[in-house]
Amino acid sequence: MAYFLCRRLPLPASFVICRGASRHGIVQFAMSHFPQSNATRRSPRILLRGSVTAAVMAEDGQRARAKLQSISITGGLLQLQQQLSTGDFVEIAFHTRSGAIHGMAEMLQPTSRFDSAYLQPFRFIALADDDHRKLRRALDSAVDRSFLDPVSEQLQTPPGF
């Protein structure tokens, strides 16, 4: 997992988890994109079904590997071996065809237990502009592939059609 450079930056900034010389902690880092959910319109989700591995690091330095079940511009759903506390702030990193994406997220209430693992949603609270662009490109590319390729794994035909 890549680590952010630990240094203070002028505002606007956000706090991110960083590996220091001898300890882990939350530090200030420039992140200028703060995704907002829209209560009237849900962001499109891309189903990944665990095909993308994510690295998660909590505020206390605890690390976990997770599988992304779905992703959107505002957050996603992780499959974790151990659930994280609702409201925990974490750093999430994963790779896409557009490049590596690192962001800060808030863990939400776990939805269910699944084959000795937990499904737990998260919402992005801060993304660097470059990470936001890469995530947007990856999502747009996946939507385009689903639309253009009807046999794509990401396009599901509703029952009864």
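Listed values, structure above:
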{"quantity": "Packing rank of 50-60, 84-94, where each peptide gets the mean count of other beta carbons within 10 Å, highest leading", "calculated": "84-94, 50-60"}
{"quantity": "For PHE114, net neighbour charge (Lys/Arg +1, Asp/Glu -1) across residues whose Cβ lies under 14 Å away", "calculated": "+2"}
{"quantity": "Residue order, fewest to most surrounding Cβ atoms within 10 angstrom, among LEU135, LEU77", "calculated": "LEU77, LEU135"}
{"quantity": "Charge context of LYS134, other residues only, Cβ under 13 angstrom, K/R +1, D/E -1", "calculated": "0"}
{"quantity": "Principal axes of the stretch 45-148: Cα extent on each, largest first, Å", "calculated": "37, 29, 18"}
{"quantity": "Rounded to whole Hz, the Karplus (6.51, -1.76, 1.60) HN-Hα couplings of the stretch 49-58, x for glycine and proline", "calculated": "6, x, 6, 10, 8, 10, 9, 10, 10, 7"}
{"quantity": "Karplus 3J(HN,Hα) series, Hz, for the stretch 68-82 with 6.51 cos²θ - 1.76 cosθ + 1.60 (x for Gly, Pro)", "calculated": "6, 8, 7, 8, 9, 5, 9, x, x, 10, 10, 9, 10, 6, 10"}
{"quantity": "Environment charge of GLN79, counting only residues whose C-beta is closer than 12 Å and scoring Lys/Arg +1, Asp/Glu -1", "calculated": "+3"}
{"quantity": "Trypsin sites (Lys or Arg not before Pro) lying in DSSP loop within the stretch 72-127, provided at most 11 other Cβ fall within 10 Å", "calculated": "ARG97"}
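The numbers here are math on the coordinates, done by the rules we state, and not lab data. Predicted, not measured: the structure shown is a model, and the values here were computed from it. Virtual Cβ from ideal backbone geometry, glycine too; neighbours counted across all protein chains shown.
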